[in-house]
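Presented below is the structure to which this report refers.
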Amino acid sequence: PETELPTEPETTEANEGPNIRGRIEGNDYINEYLNLRITRPQGWIFFTDEQIALANNLSSDKFKDTDLADIVAQAGQAMDMMLSDGSTGSLNLILQPNQPMLEPYTDEQIFQLSEEVFKAQFNAAGWETKLYEPKTMQVGGEDKTVLHLEMDANGTALDEYQCWYRDGSDYFGVLTLALPGGTDPQPYLDKISRLN
């Protein structure tokens, strides 16, 4: 009698890399890969998936259905979260691949190495950089080196605070807080915590 040969089990190509995409739960953005939680300040709103997709130059469906690591691989970086107060205040998180050549350097050293590049980028946008200083601040319950930029953005005084999260082995997160000039950043930085 004829017998059927056993068939090979169907295999699906699984993404073996880490899940670097965060999620929104109520008033919190949670990214377990970066061990990071950000609570929405009162009066601020999260960007929608459609707005985040647009910031990544992708359609909403493509952004939702594509692994964030693939977007980073194609574009060099990807925005995963953004908060806004509806005017000049914003807080966003960009994920980028780790660069092994920079691993031996501290955040402060990297900020200093990048100073001329940062200033050239802002000047090209018509923004005058008035202050560029790495400083130590409390973020997420720990002392972190934060890059503080004070700018005249087309006639608007703006302060920007940038810090890096390099907990992951493959990717790091760049967190950027922009506030109207002279605003105390600490109440906003206090909304950032590390996951247990």
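Values quoted throughout were computed directly from the atomic coordinates according to the rules given, and no laboratory measurement underlies them. Since the structure is predicted, the reported quantities are computational estimates derived from the model, not experimental observations. Note that each Cβ is placed from the backbone with ideal geometry, even for glycine, and that neighbours are counted across all protein chains shown.
Using a Gaussian network for the chain with springs between C-alpha atoms less than 10 Å apart, which of these wobbles most: GLN51, GLN162, GLN42?
Of the options given, GLN42 has the highest mean-square fluctuation.
Across the chain, how many lysine pairs, 8 or more apart or on two chains, come within less than 18 Å at their alpha-carbon atoms?
Close lysine pairs under the 18 Å cut-off: 4.
Over the chain, what is the mean sequence separation of C-alpha contacts under 8 Å (at least six apart), divided by residue count, expressed as relative contact order in percent?
Result for the chain is 20 percent.
Would you mind computing, in nm to one decimal, how far apart the modelled labels at ASP28 and GLU103 are, each placed 7 Å from Cα along Cα→Cβ?
3.1 nm
I need the calculated FRET efficiency for the pair ASP167 and GLU115, taking r as the beta carbon distance and R₀ as 22 Å, to the nearest 0.05.
About 0.30, to the nearest 0.05.
GNM on the chain, C-alpha springs below 10 Å: top fluctuator among MET101, MET82, MET151?
Result: MET101 has the largest fluctuation of those listed.
Using a Gaussian network model of the chain with C-alpha springs under 10 Å, which one of GLY141, GLY22, GLY173 is most mobile by mean-square fluctuation?
In the Gaussian network model the winner is GLY141.
Say R0 is 41 Å: what FRET efficiency, to the nearest 0.05, do ALA75 and GLN42 get from their beta-carbon distance?
Plugging the Cβ-Cβ distance into 1/(1 + (r/R0)^6) gives 0.80.
How long is the gain from ALA157 to LYS135 if the chain were fully straight, where each residue apart is worth 0.36 nm and the alpha carbon distance is subtracted?
6.0 nm
So if each residue of separation counts as 0.36 nm, and I subtract the Cα-Cα distance between LYS64 and ASP190, what length gain in nm does that give?
That pair, LYS64 and ASP190, stretches by 42.4 nm at full extension.
Ignoring the sites themselves, what is the longest stretch of the chain with no GluC sites (Glu not before Pro) in a DSSP loop and at most 13 other beta-carbon atoms within 10 Å?
Answer from the scan: 17-196.
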